[in-house]
Amino acid sequence: MVVFFRALQVFGGAGVIACLVLMLQGTPVLGPEWSRPRILYGAAGLLSALTLIAIGEIGYMVRRIRITLARIEKRLED
């Protein structure tokens, strides 16, 4: 299950990079001129990519909390 959460974070990170490139292509830095739709489209995708990273971290954190609680319960039973 940890692999799944880490995979979400990797895909989210790749999405962040892709969306940042897309946004930069809407500026004179990487594109021919300013393109407001390209910048907004990149920003919308960036939110989704950041959400993947957050979901992956929350899932990993919940797993660590469950392991810690299991250890505490085991010590309390002994």
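The values are calculated or read from the model by the stated rules, or taken from the named source; none is laboratory data. Everything numeric here is computed off the predicted structure, so don't read it as measured data. Here Cβ is always computed from backbone atoms with ideal geometry, including for glycine, and neighbour counts include all displayed protein chains. Note: areas computed on protein heavy atoms with side chains; ligands, DNA, RNA excluded. Shrake-Rupley method; radii C 1.70, N 1.55, O 1.52, S 1.80 Å.
As a rough guide to protection, the peptides 59-66, 28-35 ranked by mean Cβ packing within 10 Å, highest first, stand as 59-66, 28-35.
Answer with a single label: of (1) 6.5; (2) 5.2; (3) 5.7, which was calculated as mean projected area of the Cα convex hull in nm² from the structure in view? Of the labelled values, this structure produces (3). Computed from point charges on the beta carbon alone (+1 for Lys and Arg, -1 for Asp and Glu), the dipole magnitude for the chain about its Cα centre is near 140 Debye. Over the chain, what is the relative contact order in percent, taking alpha-carbon pairs closer than 8 angstrom and at least six residues apart? Relative CO of the chain lands at 38 percent. How far is helix 36-77 tilted, in degrees, relative to the longest principal axis of the Cα atoms in the chain, given as a value from 0 to 90 rounded to the nearest 10? Here the helix axis deviates by roughly 10 degrees. As a fraction of the 1.4 Å probe accessible area of the chain, surface on carbon and sulfur atoms comes out at 70 percent.
Of 65, 32, 13, which is farthest towards the positive pole of the chain's charge dipole, taken about the Cα centre with +1 and -1 on the beta-carbons of Lys, Arg and Asp, Glu respectively? The one lying farthest along the dipole's positive direction is 65.
Once you reduce segment 11-39 and segment 41-77 to the center of their Cα atoms, the two points are 29 Å from each other. Using a probe of 1.4 Å on the protein chains alone, the accessible area found for residue 71 is around 150 Å². A Förster radius of 22 Å combined with the Cβ-Cβ distance from residue 61 to residue 11 puts the calculated FRET efficiency at roughly 0.75.
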